[in-house]
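Novice: Structure provided below as structure tokens; questions to follow.
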Amino acid sequence: MTIDVNSRNNKFTKLTALAFEEAALDSPSFRTSVNHFHMQVLGLENWIQENTNLSKNKPLSGLAELNRNDDSMINRLLPPISYLNNGLVENQAYTPAMVNEFQMALKTFASSISSLMYGNPEAYLSTYLDILVKVVKPYKEVRENFDYYQGRYDVLNKNYHELKISTSISTESIRDKAMELYDIRKLYRDASFDLLWSTGTIQLKLDELISKMIASTIPSAAQNHNAKYSINISDELELEFTRYRKWTQALSNCLDSSSEHLRNLRSKASIYSEEFSKPSKSLKSYDITNINSAALISSTKPNEIRKSGWLYMKTKVRASGRTIWLKRWCFLEKGMFGMLMASTSKTFVEESDKFGILLISFNYNPQEDRRYCFDLKIINRSGTAELEDIVLTFQAETLEELSSWLTVLNYSKKQAYELDDSSSEYATLFSRVSPLFIEFACSSITEIDFQTTSVNENQTHSLLHIIQANPNIANDFGVFKNPTFGFPIMTQTTKLAVISNAFAVDKGMSCAVSANIWGVAGTPRSFNKIFNDESDFTDSSPAWNPISYQSHYPEKLKPDDLLFRSIFSGFIPNESLDKELLLFKEHCICSLSTPTEYPSTIFITPNTLYIYTNFMGFVCLNGYSFKSILGASVISNGLEKNKGKVEIDLLHKPNVVVEVFFCDPYCLCEKILATLENSLQSNKLRIDQLVAKLDNVENTFSKKESLNSKGLIPEMSLVRSLNLNKMNMRQRQRKFQLEHDSIFRMDFRIPCRALAHLMFGDTSTVFHECTFLSRSKSEHDAVSAWFVNPETKELVRKMRFRLKLARAYISDNKLHQSTNNEFSFMDVSQTLTKATENLYYEVDQKTGFFSLPLTKPFCIETKYVIIDNPKNDYNTNAKKTPASSCSLYTYYNVIFVQANSMKKVASLNFIDKFIKATILSILRSESRILKHVLSKNIGKLGNSSKIVKAIRIGGQIGVVTQAPPEDSDYTATAASNQVVYTKMLIFKLAIKWAFVFWSKICINGIRFFFGMVYGLMTNLMMLNRLVLGLLMFSILTNIYLSQRATFEFWAYKKAEKYADSIINLKTIDMERSISLDNLAILTNELTSKNEAIEHFFADDPSYKNTYQELRNDMALRRNEILIELSLLNNVEKELIGTDFKNFLLKEIERCSTVRSTYKDVMENNTKLRNYCNTCEKELGSFNSLL
């Protein structure tokens, strides 16, 4: 099976099933890691058996011997460190350390422990039994299943590759064997996944049981009071153990909550592996008789000129000369070819030399009596005749794999030839690189392994010799501290690989060092997009480059920094390694973008916060620059002391929440905030100064001091500190009320210091937005840095505002102007007079002079006082990051001066008083705008880390030691900072005021109208939709029922009214409208025909005109009479009603009877027939009437 780098491009920023990917590949890292863990379990089982036999069989006299041998006794109480810190348990960072600390503490109580064991051995034996039953036995059952399928897979895989070309076997049979191998590979993969999952669960279980064993050595208070021998553990150690037990329980909870999600990820890895390794069903893929050597190299360029995977290598046993084929994990990366293999002990990964692609020639080998073989010929460039060219014969599993290897080799060589001959990359591709450390060099003694592995005095070093470690002593790392940590892959030499990072730079290419830490599926660098743009042939072989720490970097942090480099080396460019030095690390339970929590470790450097997660074979790496971190805060449950979670606010990303167990969450929050603030400063602290500051924070919390103790967060060093308590500060603030013309107060839920940065920071635009005459955020506005006034020794800065009023209103004689004469401005000075960190800030502000017609020049003096909210004055026990609210007081004075001398005027005339009142009214509006602008900025801060966010918005309060040249004579030339307005200004402003006044009235009226409409509609919309729907349904139902209930009543009333109208017909004036022509027709049609009269009218037409009106009147009367007769007939029918209808029906029925019975009578009796027809017509007429 092979893996292309394209299939490894999933970033570690999401939870990745790294161990399961290694298992799916059956990589050498996977095989050696599970073998190493198996050896650890067997060692633990042997230790338990020996200790159990000793406890059962040791006679009473043996106690004296045990008392004389303290170390032996201690070693039998807890599992040996050599087992625990080599990947046997999940919690590598704390379980071995906790065992070691207890061993050291208990050495002084060896005699008591001996008595305890002898007096109650069952307590220990039950714990031993739990380990055997709950840890060792389940593991061995899963391991037995794994060994079975691994053995079957190895045998079938070997047999499949051993199929001879000379053997007459059909392609169908070969395909069947390939499918059989695929089926057993799936079973082997499932067994491997089960083994990894079981390993993770029993590691957690072993943590719990060891915690139980430690707890059994600490008798309860009652036992200590009555026992002959008592064991007293220090309070610090007991506190540490309490935290450790909570941490162990939290790990189990994490497994319970995330089990389903992790199993889904495992299933995805299984499905991907199954699709990736599925053999072809086409018979052409198994027929080698028609293989064309030229066609094996594809004309399509691969996406990446990289490849890695298993190949069978032909070699010989040096002693006997017997030819054998061995599996080797081969890789071609960045133009270098190399091999990885398991050590002779099968517990760690080794490597061969690496060969540049320019030293290699390759070709398909049809002469080999195996399928899919190709040769690599490596040129000997050493210049010695003894060394011949090396010919490597490899066998791929399928025809597609053979073609893929030859294609990648071909294109890699083509690209290498395109390089400049004088470049270092070209020289590297024409070289042979030996392993950097002899401990990781191939130890196999086969002929090819011997030829491809060399020990170069200039390239290969002995790591054990360098670190002065004794190889015969377990876990002896010489001058280095034992790196106890949970690494992604844990083999026998993983810790040595970690220590090797102190002497070599890992540039991302596969090697034994990275394979023993990260496996072969991918190193951190291959998952980091920072390096995606690197050249295909960048020199990436591990290079000898011992770490050179800065002289002031603390010695105590170097071991942890080495761990950090081993994990996150791929996230840090090589040129930035010296800047990314570890400040501290902390183990925690971390929740990233999903609610699921995982045990993680956070690493803090001066510029970045890194999070490393390794749990149950799943790995996740994340790095957050402090530029993208807005702040941190503690989410406390308020129920348990020192219990809480730290939430880290990120820019445009979901927040990160971490829960810590081995430190105070408030302490961690303050350390993160202190590091974050340092990253925002222009003059950053040196690494040792920053470490000392963080140590100060930790020491403060370890002494249980208040979180708000001074000195945790640096403040402006040149500010004069006001050494007064809060009560005196408030008295000082109230005294200002008597000295100023106007005062305004604003309350904000924000720390004092955050508000100070929003207002007085280097990049703050608050005053430009709220100052009455300033154009908001003009490009010509400027704010100088705070500088020390050499005379008063106070902090001063100058702000420049572009004036809002048009230049036509302003005189040009004393006005500041730009060189291009396009705008006018005024300078305002601010002086920071008093400050106490996060409690009190006092700033004086003075504008230039304004000169209006008919009045004296004047300026405005403002004093800003920011003071801690009184409700926090005595809340010293609450653990809160710093005070959550403050008050801002603004004091205004309008100062009038003489026009010539610029001296203050004591008495004011009527006009001056009017102007002063107007200015104070304007300042009242300005204070409201100031509150609005500050509230808008405060809204951007959120609910946490407000100080840090305020620094990002308003900037630092930076101080320069010397004033800028343009500001150095500012105080001396302040009189020239004057704006003089023309006499037309009063008239213009009056017109403007009137227009604005009436415009506001109209606008407010329109707003009121639409506000009423909106309020009415809003109230209607606030009705419950269900209630409104039911009400409408009820109304419609009532209308429908009322119609049904009242229809007959109203029908009867209508008929009754109609009948009354007919009865009283004579009293009703009946009006009809008819034309004269129609009247003539009526006259002619309704009167009898009289030829004499016709001739009379025809003889003399004048007679017709004379009598026409009379005839029309008669026709109208005749028409009315006919209509009345018709109505009377209808009324008659309606009056007789039902009786008449029944009569007609009976008569018609009789007629029907006569027709059917006496046909001849009906036919002969015309009168009877006419009568029946008349009845039928009357019935029809009656029905039509109704």
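Novice: Given points 7 Å out from each Cα along the Cα-Cβ axis, report the R1117 to K164 separation in nanometres with one decimal.
Specialist: 14.5 nm
Novice: Also, quick follow-up: What shape does segment 568-704 have by the C-alpha gyration tensor, where a ≥ b ≥ c are the square roots of the eigenvalues, rounded means a/c under 1.5, and otherwise prolate means a/b greater than b/c and oblate the rest?
Specialist: Oblate, since a/c reaches 1.5 and b/c is not below a/b.
Novice: Can you work out the Karplus-derived ³J(HN,Hα) for every residue in segment 180-186? Use 6.51 cos²θ - 1.76 cosθ + 1.60 with θ = phi - 60°, whole Hz, and x for glycine or proline.
Specialist: 5, 5, 5, 5, 6, 5, 5
Novice: Quick one: which residues, 5+ away or cross-chain, put their amide H under 5 Å from the amide H of E162? H built at 1.01 Å from N.
Specialist: none
Novice: To the nearest 20 Debye, how big is the dipole of segment 568-704 about its Cα centre, given +1 on the beta carbon of each Lys and Arg and -1 on that of each Asp and Glu?
Specialist: Values: 13 positive and 15 negative charges, 35 e Å.
Rounded to the nearest 20 debye, it is 160 debye.
Novice: What FRET efficiency comes out for the pair D688/L42, r = Cβ-Cβ distance, R0 = 45 Å, nearest 0.05?
Specialist: 0.45
Novice: Same structure, new question: For segment 312-446: lysine pairs with Cα atoms under 24 Å, gap of 8 or more or different chains, count?
Specialist: 22
Novice: Sort 146-153, 674-681 by the packing proxy (mean of other Cβ within 10 Å over each peptide's residues), most packed first.
Specialist: Per-residue mean Cβ counts within 10 Å order the peptides as 674-681, 146-153.
Novice: Once each part is reduced to its C-alpha centroid, what is the distance from segment 143-219 to segment 310-340 in angstrom?
Specialist: The two parts, judged by their Cα centres, are 23 Å apart.
Novice: Same structure, new question: Among E208, E670, E388, rank each residue by its count of other Cβ atoms within 10 Å, from fewest to most, as a rough exposure measure.
Specialist: If I rank by nearby Cβ atoms, fewest first, I get E388, E208, E670.
Novice: Using 1/(1 + (r/R0)^6) with R0 = 56 angstrom and r between the beta carbons of L239 and S443, what's the FRET efficiency to the nearest 0.05?
Specialist: That pair, L239 with S443, gives E of 0.75.
Novice: If we count other beta carbons within 10 Å of each Cβ, what is the order of F825, F910, F276, fewest first?
Specialist: Neighbour counts put them in this order, fewest first: F910, F276, F825.
Novice: Follow-up. Sequence gap at least 6, Cα distance under 8 Å: using those rules, report the relative contact order of segment 568-704 to the nearest whole percent.
Specialist: About 19 percent, as a whole number.
Each value in this text was obtained by applying a stated rule to the coordinates, not by laboratory testing. Fair warning: this is a prediction, and the values are worked out from it, not measured in the lab. Positions of Cβ are backbone-derived with ideal geometry, glycine not excepted, and every protein chain shown enters the neighbour counts.
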